[in-house]
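In what follows, a single structure is set out as structure tokens and then discussed.
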């Protein structure tokens, strides 16, 4: 049964399992104790730190183990901001950072700090010049992911790092998605999460370059040089380090192999399924992630049907989130969010599994569309005589993708030059109606507040 | 090789190992996802939560998994204090809480809150009336451990909980040392740590009773109902819950068996070794912990020699800490800190191992004392003719236990009624010189600042 959600969590790597089991016997004691069980634990911890530091590209005393990638991000950001308290209070982040970064930023803002989000283009990439323009010497900290977790786009970390260095601003790089594939250059602080590369849950990495001002926040704790509180999760740390080394050893070959499989998905999906938008940078991207959105499709049903067909994928559609808001990444990119599917291939994914997915997908999408009464892909029927210059579609109370489907159903009922106004209280409509216009070559006029919900106005131009 | 430091970290319980290995295959996916791997992970998580909640004595939706006991304590204290922000800013804790509690308290104080430490008696017990006297209706939170981690003394949680209830003050109970032995009554918040009961590292418990005001601090995160950030460490959580249940099943029998072994140590050590003080409540105590201090002994050397003889124990002596300050627990109790040994027996400790320890200990202590030139235990030699009414011993620059040894060497050189003044800059002397007087039946006059260090004055009264 193919699991295609490695970007959420990867299955345990065999080396991680082996290392975990081997260290259960020797890794349960307190590494701070001086008796033999403690000394043994300390040896394991030191060796794991050296291995992880080598993979990250830093000194062992610059690397700290945290309980998760989220903890690494939260501690890294709060510690770096506090360390630069006298310099300034501004935090600059990209708009497509992981929610752990954005939540830390929100927490900083709530505490009186200021936060600037740097926007991205339709591929999800920040422009280094735009990022640099938001900073000056009083900027406390900048955060930029090495690659995006939802669409796979790689960020120009080296260029942004240069801008940071020129201003003396420390740069925190969230390398959660890319560390398995290789080290990152230019960071002042780096964070990562072991279960993303096939290590066990319960281990994050926080690297802080010597010379970077850092003031750990929260109650004091002597573990991990004061950078991460709590008893170290030693067998998991050993397994994390061992599997990172193992994953790196096969990274080049595996990246090439998975990149070819992802290329096949990127190429074939738009051929096999109508009205699809493949999103994310086609070249500068993670080797194993591909994301696309399908018009007139309900993401939750799509995921459910793919799951029934044996494929586990993830989605940034609003209907798959508890908040009914599309993923902030898709919103920042301004791309279609309905029927969104992220495929992230774990190491070892077979060609047959990818082919199986490509076989199943078109039928699943067709089914979902039929059930929703979506308009046919190539509506070749001649438009009926225009009855009115403008139409209003009431989609209040209807969730994604219904507002877009209702719009598509009536667009040909107005003459070229006429408008359709969609009334909707669904957050996804704000993103998906303009995206539909872009895909359909129609003109998106704009939105305005309505008595209930929002009125989205579209002009038929063809 | 007997390991006698279960209160630091217990070896992995066989049930924990089994559960961990079994859940590695099914517990790596994100339990928040809806595909089959996520649903399986969710089932494991739900089952673990139910099992742990049953052992704690709460509803599953009152129990949250954290990355460690330390995280449970830090989050529990900060969340409860923030939840009662409008009521008041005072935190009341016992003076012998775990350092994680005291560090959280220090952090609260640094942020403008106020902290009151309730003192303990020589057994390490807080008096419920004294605890109650420090609280009123505007107290934000009270913290009391169920049992002390260094000396094993059980605290009167029920009585303090009643006082708290009467005032409407929430009570956080750190149950790290006692949860293996049974549930705790009367708490509003409870914390614990899996590796103390033979579960894996990386799992803490935070229980928050419904109705207790709680405002999680730090960046938002949807995991664990917002009570604990980061991807759940699922195999470890499963192992923690399974082993807690297993440990509880054997708790009554094992407690009785270990209690008898600890009683043997409590009884035999003072018979086998001269000048020993066994500390902690002899009756109201954990079944598996016993702590004693040996006069004229250097704790670090003692631990080292016991380790060489095959016994792993811990110590609260100043020379075994990085700060050169004796354990805050021993200081709060006012008992001797030099030559301190904590024996905490893991489940399954054999009688033979305990007997082996009792055989080895006297020789090890004798050796250490001889090397330090300590006075003989029963100095039966007639005192030499008194040469002076008062003597000054310069022990500046000498570490524990030398200042006490130097005092003991000259006490008989002054006549009854005369004084010995010890000049010392060792923090342990402040605790150990009065403790020596207590053990020796001499009068401790007091301390005063000296040109260098502190002058401790002792009057010979016998």
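Here are some notes:
- Residue count for the range A:23-44, restricted to those that are more than 7 Å from chain B (Cβ to nearest Cβ) and either in contact (Cβ under 8 Å) with a residue 24 or more places away in the chain or assigned to a loop (DSSP other than H, G, I, E, B) (or both): 8.
- When the range A:245-264 is filtered for residues that are in contact (Cβ under 8 Å) with a residue 60 or more places away in the chain and either within 17 Å of residue A:181 (Cβ to Cβ) or surrounded by 23 or more Cβ atoms within 10 Å (Cβ to Cβ) (or both), the ones remaining, listed by number, are A:245, A:246, A:247, A:248, A:250, A:251, A:254, A:255, A:258, A:261, A:262.
- So residue A:122, is it crowded, with 19+ Cβ neighbours inside 10 Å and either in contact (Cβ under 8 Å) with a residue 60 or more places away in the chain or out of contact with any helix residue (DSSP H, G or I) (no Cβ under 6 Å at 6 or more places or on another chain) (or both): no
- Restricted to the range B:25-50, and to residues there that are under 33 Å from the mean Cα position of the chain (by Cα) and crowded, with 22+ Cβ neighbours inside 10 Å, the residue that is farthest from residue A:2 (Cα to Cα) is B:48.
- Scanning the range B:287-328 for residues that are in contact with a strand residue (DSSP E or B) (Cβ under 7 Å, 6 or more places away or on another chain), assigned to a loop (DSSP other than H, G, I, E, B) and within 11 Å of chain A (Cβ to nearest Cβ) gives B:313, B:315.
- Any hit, the range B:271-286, residues being under 30 Å from residue B:374 (Cβ atoms), assigned to a helix (DSSP H, G or I) and not assigned by TED's automatic domain parsing to the domain that holds residue B:125: yes
Yes/no per residue for (1) within 23 Å of residue A:318 (Cα to Cα); (2) buried (at least 18 other Cβ atoms within 10 Å of the Cβ):
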residue	(1), (2)
A:389	no, no
A:424	yes, yes
A:431	yes, yes
A:435	yes, yes
A:457	yes, no
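- Hits in the range B:225-244 - residues which are under 18 Å from residue B:188 (Cα atoms), buried (at least 17 other Cβ atoms within 10 Å of the Cβ) and more than 11 Å from chain A (Cβ to nearest Cβ): B:227
- You will find that of B:106, B:163, B:100, the residue that is assigned to a helix (DSSP H, G or I) and within 12 Å of the chain's Cα centre (by Cα) is B:100 and no other.
- For the criterion of being more than 28 Å from residue B:27 (Cβ to Cβ), modelled with pLDDT of 95 or more, within 14 Å of another protein chain (Cβ to nearest Cβ) and outside any helix (DSSP H, G or I), residue B:176 fails.
- Of note, residue A:106 satisfies the criterion of being closer than 24 Å to residue A:132 by Cβ, surrounded by fewer than 24 Cβ atoms within 10 Å (Cβ to Cβ) and free of Cβ contacts under 8 Å to residues at least 12 places away in the same chain.
- The residues of the range A:170-187 that are surrounded by 24 or more Cβ atoms within 10 Å (Cβ to Cβ) and over 17 Å from residue A:148 (Cα atoms) amount to a single one, A:170.
- Test result for residue B:110, out of contact with any helix residue (DSSP H, G or I) (no Cβ under 9 Å at 6 or more places or on another chain), within 12 Å of chain A (Cβ to nearest Cβ) and at pLDDT 95 or above: yes
The values are calculated or read from the model by the stated rules, or taken from the named source; none is laboratory data. All values derive from a computational prediction rather than experimental measurement. Glycine gets a Cβ as well: all are built from the backbone with ideal geometry, and neighbour counts include every protein chain shown.
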